[in-house]
1. From the list Ile18, Ile66, pick out the single residue that is at pLDDT 70 or above, within 18 Å of Val121 (Cβ to Cβ), aliphatic (A, V, I, L, M) and out of contact with any helix residue (DSSP H, G or I) (no Cβ under 9 Å at 6 or more places or on another chain).
2. If you scan region 122-137, which residues turn out to be free of Cβ contacts under 8 Å to residues at least 40 places away in the same chain and in a strand (DSSP E or B)?
3. Write out, first by first residue and then by second, each pair whose Cβ atoms fall under 8 Å of each other, whose residues are 6+ apart or on separate chains, and whose first residue, in region 70-88, is under 18 Å from Leu100 (Cα atoms) while the second is of a type in the set (Val, Ile, Thr) and surrounded by fewer than 13 Cβ atoms within 10 Å (Cβ to Cβ).
4. Please go through region 58-88 and give me each residue that is closer than 17 Å to Glu134 by Cα and assigned to a strand (DSSP E or B), ordered by number.
5. Looking only at residues that are surrounded by 13 or more Cβ atoms within 10 Å (Cβ to Cβ) and either in a loop (DSSP other than H, G, I, E, B) or among the aliphatic types (A, V, I, L, M) (or both) in region 104-121, which one is farthest from the chain's Cα centre (by Cα)?
6. For region 73-88, which positions are exposed (fewer than 12 other Cβ atoms within 10 Å of the Cβ) and within 19 Å of Ala126 (Cα to Cα)?
7. What's the total number of residues in region 89-103 that are free of Cβ contacts under 8 Å to residues at least 24 places away in the same chain, in a loop (DSSP other than H, G, I, E, B) and among the charged types (D, E, K, R)?
Amino acid sequence: MYSAQPIRRVRKKRMSEINVVPYIDVMLVLLVIFMITTPLLSQGISVELPQTNAKPITPKDEEPLIVTVDRDGRYYLNLGENSEQALSTGKLMIRIKAVLRHRQDNTVYVKGDKNANYGKVVVLMAELKQAGVEQVGLVTRMPEKSGRH
């Protein structure tokens with residue numbers, strides 16, 4: 001004969017662990033992307049700046065307008081599509097005037113290589129003044145701290 005025992009249902013316990021494998025995969029992909037793109041973010045022309053103890057400038061909302069003079073006396077502008085393409089003085093002044101029309105602050109910073117021809121830097125500064133630039137700043141780097149006083 002049949003016994004009248006209740007039927008028990010076996011309940012499965014819910015798994016409370018989080019599967020982190022997909023998160024690790026995403027993290028590794030992002031790490032690789034950042035490792036590849038970070039060196040590309042350093043923009044501009046590499047120049048050896050002279051060292052001074054000048055006071056650092058305070059950052060503003062807008063990206064500063066920087067004209068770079070390399071060792072060979074070529075001019076570069078940090079804004080625009082081809083910031084690593086050398087510009088003639090005429091083209092440089094046309095671009096600077098166009099940029100300054102849309103800015104409140106019309107300060108231009110000159111980043112000159114310490115081995116650049118001094119005359120090229122002076123000519124650039126005179127041209128900037130003729131283009132209507134009110135303030136011209138010179139970019140330098142802080143000297144390395146030495147152990148001696």
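1. Ile66
2. Within region 122-137, Gln135, Val136 qualify.
3. These pairs meet every condition: Tyr75/Thr89.
4. Hits for region 58-88 are Leu65, Ile66, Val67.
5. Asn117
6. Answer for region 73-88, where residues must be exposed (fewer than 12 other Cβ atoms within 10 Å of the Cβ) and within 19 Å of Ala126 (Cα to Cα): just Ser88.
7. Here the count works out to 1.
The values are calculated or read from the model by the stated rules, or taken from the named source; none is laboratory data. Just so it is clear, the structure is predicted and the values come from calculations on it, not from any experiment. Backbone-built Cβ (ideal geometry, glycine too); neighbour counts: all protein chains shown.
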